[in-house]
1. Report the charge-dipole magnitude of segment 132-180 in Debye, nearest 20, computed about the Cα centre from +1 at each Lys and Arg Cβ and -1 at each Asp and Glu Cβ.
2. Given +1 on the Cβ of Lys and Arg, -1 on the Cβ of Asp and Glu, and no further charges, what dipole in debye does segment 41-178 carry about its Cα centre, rounded to the nearest 20?
3. If packing is taken as the average number of other Cβ atoms within 10 Å across a peptide's residues, how do 164-176, 107-119, 90-102 rank, most packed first?
4. Grab every C-alpha pair in segment 41-177, bin the distances at 5 angstrom width from 0 up to the longest one, and report whole percents.
5. Do you know the relative contact order of segment 108-180, to the nearest whole percent, from alpha carbon pairs under 8 angstrom that are 6+ apart?
6. Collect residues whose amide H, placed 1.01 Å from N in the peptide plane, falls under 5 Å from the amide H of Phe57; neighbours closer than 5 in sequence don't count.
7. Picking from Ile49, Val169, Phe152, whose Cα lies most toward the positive end of the charge dipole for segment 41-178 (charges on Cβ: Lys, Arg +1; Asp, Glu -1)?
8. Note down the Stokes-Einstein diffusion coefficient of segment 109-180 in µm²/s, whole number, using a Kirkwood radius over alpha carbon pairs, 20 °C, and 1.002 mPa s.
Amino acid sequence: MGKNADSRARPPLSRRRNAVLTALLCAAPIITASCSVYSFSGSTLPSHIKTVRIPVFANATLEPGVDDDVTTELSKEVLKSQLRPANDDADATISGTVTRYVNRPHTFGAGGSEVNVEQYIVQISAQVEFYDNRKNEPIYKGTVSGEGIYLFDSEDEQIGRDKAVKNLVEKIIQNSVQIW
């Protein structure tokens, strides 16, 4: 009786796992799509912030040029917004340091008696601060990470790096405006 009563009260473990996996898979496109929804605009930031300065990010990794890539992509995204770039007298400053760059195997496939790498992943992290120069206080400060997956057989690390930089910048923007 105890075993039958338990099986009626809770679905079998495999059905519960399937339900959880289905829920996660259904939510994944929504979560992914939501990253690109955020942008800098007058309605999401304090009204006094109209200009922003973006100094070149520092690079604390051994990967050359990743700091320039992040700074360039962030500047492009800001130019798409209602904010205007400025130098010394900007209303706000977005600054940071790239602290981590990793390119590693991500997924594997079996090819006969061998295991082959199918995909690699580039992961980039940065310590970021979005600072309100008028009020002398941070709007956002924290570590942000982005990643980019590329196919080992048909793509190269630069593809993964470009994807990781774009993903990192999307998250910087999301975190910067999320509190408003």
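Computed from the coordinates by the stated procedures, all read-outs in this text should not be read as laboratory data. Note that the coordinates shown come from a computational prediction; the quantities given were computed from them, not determined experimentally. Cβ atoms come from the backbone with ideal geometry, glycine included; neighbour counts cover every protein chain shown.
1. 460
2. Details: 14 positive and 21 negative charges, 134 e Å.
In debye, rounded to 20, segment 41-178 gives about 640.
3. Working: 164-176: 22.2, 107-119: 10.9, 90-102: 19.8.
Descending mean neighbour count gives 164-176, 90-102, 107-119.
4. Computed distribution, short to long bins: 2, 11, 19, 20, 15, 11, 8, 6, 4, 2, 1, 1, 0.
5. Numbers: 119 pairs, mean separation 21.1, N = 73.
Rounded, it is 29 percent for segment 108-180.
6. Close amide H contacts, sequence-distant or interchain: Thr71.
7. So the residue we want is Ile49.
8. Values: Rh = 14.2 Å.
The calculation lands on 151 µm²/s.
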